[in-house]
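Everything below concerns the one structure shown next.
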Amino acid sequence: MNDATAYVLLQDGERFDGIACGADGHAVGEVVFTTGMTGYQEAMTDPSFAGQLITFTTVHVGNYGVSQAAMESDRIHARAAIMRAATNRDDAPGADQGWLDWLREQGIPGITDLDTRALVRHIRDAGAMKGGVFPASIDEDEAQRLIAAEPSMDGRDLAREVTPASMVRLQPLGSGVAGSDGPTIAMIDTGVKSSIVRNLRERGATVELHPCTTGAQTLLDSDADAFFMANGPGDPAALGYVVETLRALVGKKPVYGICLGHQLLCRAIGLETYKLPFGHRGSNHPVKDLSTGRVEITSQNHGFAVLGPDGGQKVESDEPVRWETDFGAAELTHVNLYDRTVEGLTLRDVQGATVQYHPEAGPGPHDSLYLFDRFIKEIVAA
């Protein structure tokens with residue numbers, strides 16, 4: 001395009017022109033895409049997007065502004081927003097300010113009027129890869145040098161960048177299914193979303209957010225009734241110290257995992273993870289619950305997955321197949337109907353369970369909110 005003022009450049013040399021918006025400057029990282037039609041603010045503030053540049057597949061982004069209520073953490077974690085048609089509306093109901101004003105205020109570059117369809121199709125074919133958003137004043141040679149200097153997502157520990165500096169204790173927001181004496185849940189915080197914490201607190205739980213470097217003995221010495229692993233950024237294989245902590249917790253009290261927490265708990269019991277070609281990011285992913293036969297539409301944001309019992313990347317059967325783990329049997333409970341990847345399992349010889357997707361759906365469909373009720377009931381009954 002002749003009037004381009006910015007461009008996206010990928011490490012393989014593919015270039016996509018557009019118009020600069022948001023803050024001045026450039027940003028580099030892993031270029032990914034999300035298919036959600038809403039939730040642009042939640043995506044940008046989700047710690048799971050740390051180190052990444054988000055391509056929004058929905059055409060119009062920013063049409064209902066931004067608000068404090070939609071924050072999933074205390075700040076933006078994504079490094080840039082890539083859009084087809086950005087708008088800066090600040091007069092929508094509930095909006096505190098305009099989308100592009102917010103990006104500029106937070107120092108986050110953006111690009112609009114870009115062919116996001118072509119970019120996403122390229123990523124689907126070639127896989128998620130490093131890249132950047134650059135103003136036209138930066139030539140491609142310099143842009144490629146900046147991209148090359150960015151570490152790969154493979155083997156990268158980003159949890160230390162988003163974890164709290166010290167333990168934070170949050171009181172219940174309601175009695176919920178747990179009654180007046182709700183459980184205390186110790187969460188190893190690798191980048192948890194606010195809506196996950198809120199859903200637990202609304203069901204009567206006291207939630208302790210611990211730095212991801214917290215040792216097992218500290219957690220065992222606490223008054224926690226269960227341990228919880230939630231979402232977060234980076235490669236689960238790079239978090240060996242968290243995996244070792246979990247190995248010391250499994251079997252002592254109930255242990256649950258969501259998203260990155262699912263991957264880490266699986267690694268702790270002896271299973272393996274691998275990097276997906278372009279990940280699962282959006283709020284329209286069908287997942288089958290094998291215990292009920294029900295298909296749920298789920299919200300997801302992850303770039304890694306767990307290998308099946310046969311070591312394959314896909315589970316072709318809808319049967320609850322089992323792994324033999326270091327802690328007894330683990331049984332498949334959920335499978336992704338897009339690509340047949342593992343979406344959840346339960347431990348049969350010790351108390352614990354995981355799901356790969358985001359049952360809190362911030363934003364997204366609420367098909368899976370019942371899982372929080374199930375978690376709390378199992379903890380109380382333990």
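The values are calculated or read from the model by the stated rules, or taken from the named source; none is laboratory data. If you're wondering where the values come from, they're calculated on a predicted model, not measured in any experiment. Glycine also receives a Cβ, built like all others from the backbone with ideal geometry; neighbour counts cover every protein chain displayed. The area values use the complete protein model at the heavy-atom level, side chains included, leaving out ligands, DNA and RNA. Shrake-Rupley method; radii C 1.70, N 1.55, O 1.52, S 1.80 Å.
Residue by residue, here is whether (1) β-branched (V, I, T); (2) open to solvent by 10 Å² or more (accessible area, probe 1.4 Å); (3) in contact with a strand residue (DSSP E or B) (Cβ under 7 Å, 6 or more places away or on another chain); (4) in a strand (DSSP E or B) holds:
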residue: G282; (1), (2), (3), (4): no, no, yes, yes
residue: K288; (1), (2), (3), (4): no, yes, yes, yes
residue: S291; (1), (2), (3), (4): no, yes, yes, no
residue: I297; (1), (2), (3), (4): yes, yes, yes, yes
- Message: With the requirement that a residue be assigned to a loop (DSSP other than H, G, I, E, B), within 17 Å of L290 (Cβ to Cβ) and among the aliphatic types (A, V, I, L, M), what does the range 301-347 give you?
- Response: V315, V321, L337
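Test Q263 against the criterion of being crowded, with 24+ Cβ neighbours inside 10 Å and outside any strand (DSSP E or B), and give yes or no.
Working: crowded, with 24+ Cβ neighbours inside 10 Å: yes; outside any strand (DSSP E or B): yes.
Yes, satisfied.
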- Message: For the condition touching a Leu at 6+ places or on another chain (Cβ under 7 Å) and surrounded by fewer than 22 Cβ atoms within 10 Å (Cβ to Cβ), what is the one hit in L345, L307?
- Response: L307
- Task: Please tell me if G107 is open to solvent by 10 Å² or more (accessible area, probe 1.4 Å), outside any helix (DSSP H, G or I), touching a Ser or Thr at 6+ places or on another chain (Cβ under 7 Å) and more than 30 Å from Y274 (Cα to Cα).
- Result: no
- Note on the structure: (1) of a type outside the set (A, V, I, L, M, F, W, C); (2) farther than 21 Å from L371 by Cα; (3) touching a residue at least 60 places away in the same chain (Cβ under 8 Å) all hold for R203 apart from (2)
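Return yes when A216 is touching a residue at least 60 places away in the same chain (Cβ under 8 Å) and surrounded by fewer than 18 Cβ atoms within 10 Å (Cβ to Cβ) and no when it is not. I'd like the intermediate steps shown before the answer.
Values: touching a residue at least 60 places away in the same chain (Cβ under 8 Å): no; surrounded by fewer than 18 Cβ atoms within 10 Å (Cβ to Cβ): yes.
Criteria not met by A216.
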- Tell me which residues, restricted to the range 359-374, are of a type outside the set (D, E, K, R), touching a strand residue (DSSP E or B) at 6+ places or on another chain (Cβ under 7 Å) and either modelled with pLDDT of 95 or more or open to solvent by 10 Å² or more (accessible area, probe 1.4 Å) (or both). P363, G364, P365
